[in-house]
Amino acid sequence: MGRRSLSPLHRATSHWPANRRITVLVTVTAILLALAAAAALLTSRDQGKTRTPTAPASANPSPSTPKPGTGTGSVPAPPRLADPLAYARAAAVMLWSYDTRTTSRDQQLAGMHAWMTAEKKYTDWTSLSAQIPDPVLWSRMADNAQYATATAIDARFPSAFKQALAENPTAITQAYVYAVTVTGKQSIAWKNGGGGAEDRSVTLAVQCRPGADCALVSLAPSVAP
């Protein structure tokens, strides 16, 4: 079998909680969240490609809550940016990168959680935490010293988001959630010289309120063009 990697190589959750969808629909408007279902809430498109000679992860991983005091390992701290495009680029690189040699699964979760908005009304932590391999698979990845680096090549507002915003410019002022599609490349390596690279695309929901730093809201179940 191939080598299975972290979040971008894992199947995104295909079902969001009904109350989450309702909340976003009410606050970002029906048009913005028809978009959010595919654009305003983020996740990378699962390519179905694997990288680790291990058993596959659960098809429906349970959400994980970061454990306090675990540290964040190699996961970088969120940047202080007010530009949704720049923040989305940085977030995509963070999501596509990991290092099981120096970072535990709990540390990876804690590091990712630090990028999320503190506004519980909007945050969708489940969509991110579900991308992390289960503890057994993470351990096997660590046994193989697997790690990944990434670069972001382009960040743009999806066409559906721009159209919705043009039709109703004031809708964004309720939650200030922006849909951003990022494309880039992920390079994966493991012990004994193994490695490879793949193109990546992801649509993120980023909250950037005026006068405040941006933060992640969620991952979309598919990439919005």
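The values are calculated or read from the model by the stated rules, or taken from the named source; none is laboratory data. Every value quoted in this text rests on a predicted model; they were computed, and no experiment measured them. Counting neighbours? That spans all protein chains shown, and the Cβs are built from the backbone with ideal geometry, glycine included. The protein model used for the area step is the full one, side chains on, heavy atoms only, and it has no ligands, DNA or RNA in it. Shrake-Rupley method; radii C 1.70, N 1.55, O 1.52, S 1.80 Å.
Looking at the structure I just gave you, is ASP213 in contact with a Pro (Cβ under 9 Å, 6 or more places away or on another chain) and more than 24 Å from LEU81 (Cβ to Cβ)? Steps first, answer last, please.
Values: in contact with a Pro (Cβ under 9 Å, 6 or more places away or on another chain): yes; more than 24 Å from LEU81 (Cβ to Cβ): no.
It is false that ASP213 is in contact with a Pro (Cβ under 9 Å, 6 or more places away or on another chain) and more than 24 Å from LEU81 (Cβ to Cβ).
Quick check, is TYR122 within 26 Å of ILE153 (Cβ to Cβ) and in contact (Cβ under 8 Å) with a residue 60 or more places away in the chain? Explain how you work it out, then say what you get.
Working: within 26 Å of ILE153 (Cβ to Cβ): no; in contact (Cβ under 8 Å) with a residue 60 or more places away in the chain: yes.
Answer is no for this residue.
When THR170 is evaluated against the numbered criteria (1) β-branched (Val, Ile, Thr); (2) at pLDDT 95 or above; (3) open to solvent by 40 Å² or more (accessible area, probe 1.4 Å), which criterion, by number, is the only one it fails?
THR170 satisfies all of (1) β-branched (Val, Ile, Thr); (2) at pLDDT 95 or above; (3) open to solvent by 40 Å² or more (accessible area, probe 1.4 Å) except (2).
As an exercise: evaluate ARG80 against (1) closer than 20 Å to ALA175 by Cα; (2) in contact with a strand residue (DSSP E or B) (Cβ under 7 Å, 6 or more places away or on another chain); (3) basic (Lys, Arg) and give the number of the one condition it does not meet.
Result: ARG80 passes all but (2).
Does THR181 fit the bill of being open to solvent by 40 Å² or more (accessible area, probe 1.4 Å), modelled with pLDDT of 95 or more and either in contact with a Phe, Trp or Tyr (Cβ under 9 Å, 6 or more places away or on another chain) or within 22 Å of SER222 (Cβ to Cβ) (or both)?
Judged against the criteria, THR181 is not a match.
Those residues that are open to solvent by 70 Å² or more (accessible area, probe 1.4 Å) and outside any strand (DSSP E or B), I need them from the range 137-158; list them, please.
Passing the criteria: ARG140, ASP143.
Hey, can you tell me all the residues within the range 74-84 that are aliphatic (A, V, I, L, M) and open to solvent by less than 50 Å² (accessible area, probe 1.4 Å)?
We begin by selecting, within the range 74-84, every residue aliphatic (A, V, I, L, M); these are 75, 77, 81-82.
Within the range 74-84, VAL75 is the sole residue that qualifies.
Name the single residue that is most open to solvent (accessible area, probe 1.4 Å) among those in the range 96-136 being among the aliphatic types (A, V, I, L, M) and in a loop (DSSP other than H, G, I, E, B). Explain how you work it out, then say what you get.
In the first step, residues of the range 96-136 are kept if they are among the aliphatic types (A, V, I, L, M); the result is 109-110, 112, 114, 116, 118, 128, 130, 132, 136.
Imposing the further condition that a residue be in a loop (DSSP other than H, G, I, E, B) reduces the set to 114, 118, 130, 132.
Values: ALA114: 56, ALA118: 94, ALA130: 3, ILE132: 3 Å².
Once the filter is applied, the top-ranked residue is ALA118.
Condition (residue is charged (D, E, K, R) and either in contact with a helix residue (DSSP H, G or I) (Cβ under 8 Å, 6 or more places away or on another chain) or open to solvent by less than 10 Å² (accessible area, probe 1.4 Å) (or both)) applied to the range 199-212: is it met by at least one residue? Lay out the reasoning, then the answer.
Applying the first criterion (charged (D, E, K, R)) to the range 199-212 yields 199-200, 209.
After this cut, where a residue has to be either in contact with a helix residue (DSSP H, G or I) (Cβ under 8 Å, 6 or more places away or on another chain) or open to solvent by less than 10 Å² (accessible area, probe 1.4 Å) (or both) as well, the list is 200.
Taking every residue of the range 199-212 in turn, at least one turns out to be charged (D, E, K, R) and either in contact with a helix residue (DSSP H, G or I) (Cβ under 8 Å, 6 or more places away or on another chain) or open to solvent by less than 10 Å² (accessible area, probe 1.4 Å) (or both).
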